[in-house]
Amino acid sequence: MSEVKILIVEDESIVAMDIKHRAQGLGYIVTDITPSGEEALESVANNRPDLVLMDIVLKGEMDGIEAAQKIRDAYDIPIVYLTAYSDERTLKRAKITEPFGYIIKPFEDRELHSAVEVALYKHQMESKLKESEKWLSTTLESIGDAVIATDKVGKVKFMNPIARDLTGWSSDEAIGQPLSEIYKIVHEETGIPADDPVEKVVANDAIIDLPRPVLLINKSGKEIPIDDSIAPIKDENGGIIGVAIVFRDVTQRRKEAKEREELLKDKARGELSSFMVSALPVFASNIPPQVRNSIASSFADRFEKNMKPRFLEEMEKCLAKKGEDAKSDPKILFQCYLSWIGEFLSNLGIGTDSDVDGKKAHLDFDSCPWDSEGAVSPIFCLICRVIVIRSFTWTSLHGHAEQTHCLLDGNHKCSFEFTLSWDDS
């Protein structure tokens, strides 16, 4: 026995009673019969039927179409229209209320049964779809990453709160706009705009990660480092209907990684420095001069073999940050060198100070763990000399480097002078 409850809205009492008997004969429960739109709204509020059979033409100020719209908006109850009119004007107006069916009077029982069952099924499927869409929307709104969804041609269809915060665009401003207007990304090191992610995904039909590192330029012009991935959105047949961009602000993650790196570097620097401070003077004091020179020569070769590739990589990175013309500018190259040698020596616990005056430059050791060991640690001076003079040759700059002050000569400091040949014009 069916438990489907139906409200009949019909202003012709004889017709209404006939519909009631037909409906009950098909196993439906008739909650009420009302002759007007106003009474229909009141009956729906009191009885909450599962479906309304609504005559389009009713007596009174509110016709069936207006009543149907109010019922749908307030209660989401499916409407099936009853009408003796099938003209285009009436049907066009009725379509606006999104009914679940029409029954043209007069009708047979099987027509009534089919119309009711189809309407109930369509409403059930529509409710499930709305629930699914709401669940998906709530999920996307709640996740911690920023999400932007576009259609196949790259027009923005959805943005969650994180995406709105990072881009600086509200949903009202962004929906319908090209993705390139909302999601502006550039390569961090070069500043060159990244390729259109929608075109890449559609062309490759695959999830892609944009080249890192990239910066998001938000609506106010702020640069935000991000990680992101872009994936196609497909229909049930596997066709691409849009693109989803998922990205996150990595500012804090970078900061934490840098702090960890500095902590590890400080620890390693301290351990290396402590070992060399304690062990090298004792070790060096027992080595004859001719053996020390042999050790220094062997160290120079090993130093170049192991450190020159890393040195060249660091120079490339430094020059890339300085701009396109940096590689052809010897002054910029020398600045990069001074930065590298200062960092390298600091890892040994040696503080340095440098200055450039025209074509002359000086590198002074302003702190040194062996200052008090000068008389007994000549191997230290030899190794430092190798590090500075040998590494300078890797720059291919025109000029030379020499040690001007050395602890071995009774000086109280260690200094190097660079004589450079470049065009000042």
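The values are calculated or read from the model by the stated rules, or taken from the named source; none is laboratory data. In this text, all values refer to a predicted model and were calculated from it rather than measured experimentally. Positions of Cβ are backbone-derived with ideal geometry, glycine not excepted, and every protein chain shown enters the neighbour counts. To get the accessible areas, we keep the full protein, side chains included, count just its heavy atoms, and leave off ligands, DNA and RNA. Shrake-Rupley method; radii C 1.70, N 1.55, O 1.52, S 1.80 Å.
Scan (1) touching a Ser or Thr at 6+ places or on another chain (Cβ under 8 Å); (2) more than 19 Å from E117 (Cβ to Cβ); (3) open to solvent by less than 30 Å² (accessible area, probe 1.4 Å) for the single condition L7 breaks and write down its number.
(2)
Tell me the helices (runs of 4 or more DSSP H) entirely within segment 1-102 that contain at least 3 residues that are of a type in the set (V, I, T).
Details: elements: 13-25, 37-47, 64-75, 88-95.
Here the list reads 13-25.
Select from segment 102-112 the residues that are closer than 18 Å to E10 by Cβ and either of a type in the set (D, E, K, R) or surrounded by 14 or more Cβ atoms within 10 Å (Cβ to Cβ) (or both) and list them in ascending order. Working first, answer last.
Taking segment 102-112 and keeping what is closer than 18 Å to E10 by Cβ, we get 102-109, 111-112.
Residues satisfying the conditions are Y102, I103, K105, F107, E108, D109, E111, L112.
Restricting segment 163-199 to residues that are outside any helix (DSSP H, G or I), out of contact with any Gly (no Cβ under 6 Å at 6 or more places or on another chain) and over 30 Å from L319 (Cβ atoms), which is least open to solvent (accessible area, probe 1.4 Å)? Walk me through it before giving the result.
Pass one, segment 163-199, residues outside any helix (DSSP H, G or I): 168-170, 175-178, 183-196.
Pick out the ones that are also out of contact with any Gly (no Cβ under 6 Å at 6 or more places or on another chain) and you get 168-170, 175-177, 183-196.
Cutting the leftovers down to over 30 Å from L319 (Cβ atoms) gives us 168-170, 175-177, 183.
Values: G168: 39, W169: 51, S170: 47, I175: 79, G176: 41, Q177: 73, Y183: 9 Å².
Across segment 163-199, the extreme among qualifying residues is Y183.
Say whether the condition of being at pLDDT 90 or above, in contact with a strand residue (DSSP E or B) (Cβ under 8 Å, 6 or more places away or on another chain) and within 16 Å of E402 (Cβ to Cβ) is met by at least one residue in segment 365-387.
No.
How about segment 77-101: which of its residues are loosely packed, with under 15 Cβ neighbours inside 10 Å, in contact (Cβ under 8 Å) with a residue 24 or more places away in the chain and under 45 Å from the mean Cα position of the chain (by Cα)?
Residues satisfying the conditions are I96, E98.
Kindly list the number of the only condition in (1) at pLDDT below 85; (2) open to solvent by 20 Å² or more (accessible area, probe 1.4 Å) that fails for T419.
(1)
Is there a residue in segment 152-159 that is on the phi < 0 side of the Ramachandran plot and at pLDDT 90 or above?
Residues of segment 152-159 on the phi < 0 side of the Ramachandran plot: 152-153, 155-159.
Then keep just the ones that are at pLDDT 90 or above; that gives 155-156.
Within segment 152-159, one or more residues are on the phi < 0 side of the Ramachandran plot and at pLDDT 90 or above.
Filter segment 55-86 for residues that are basic (K, R) and farther than 15 Å from T34 by Cβ and give the result.
Taking segment 55-86 as the starting set, the residues that turn out to be basic (K, R) are 59, 70, 72.
Scanning segment 55-86 gives a single hit, R72.
Report whether or not A119 is buried (at least 19 other Cβ atoms within 10 Å of the Cβ) and modelled with pLDDT of 80 or more. Walk me through how you get there before you give the answer.
Values: buried (at least 19 other Cβ atoms within 10 Å of the Cβ): yes; modelled with pLDDT of 80 or more: yes.
So A119 fits the description; yes.
The conditions are (1) modelled with pLDDT of 85 or more; (2) closer than 30 Å to K321 by Cα; (3) among the basic types (K, R), and R212 fails exactly one of them. Which is it?
(1)
Which one of these does E38 not meet: (1) open to solvent by 50 Å² or more (accessible area, probe 1.4 Å); (2) closer than 20 Å to Y102 by Cβ?
(2)
Out of everything in segment 334-370 that is assigned to a loop (DSSP other than H, G, I, E, B) and of a type outside the set (A, V, I, L, M, F, W, C), what residue ends up being most open to solvent (accessible area, probe 1.4 Å)?
Of segment 334-370, the ones assigned to a loop (DSSP other than H, G, I, E, B) are 347-350, 358-359, 368-370.
Still in the running and of a type outside the set (A, V, I, L, M, F, W, C): 347, 349, 358-359, 369.
On the way: N347: 47, G349: 31, G358: 46, K359: 91, P369: 35 Å².
Going through the qualifying residues, I end up with K359.
Select from segment 200-234 the residues that are in a loop (DSSP other than H, G, I, E, B) and either out of contact with any helix residue (DSSP H, G or I) (no Cβ under 7 Å at 6 or more places or on another chain) or small (G, A, S) (or both) and list them in ascending order. Talk me through it step by step, then tell me what you get.
So in segment 200-234, the residues in a loop (DSSP other than H, G, I, E, B) come out as 205-207, 210-213, 218-222.
Residues satisfying the conditions are D205, A206, I207, P211, R212, P213, S220, G221, K222.
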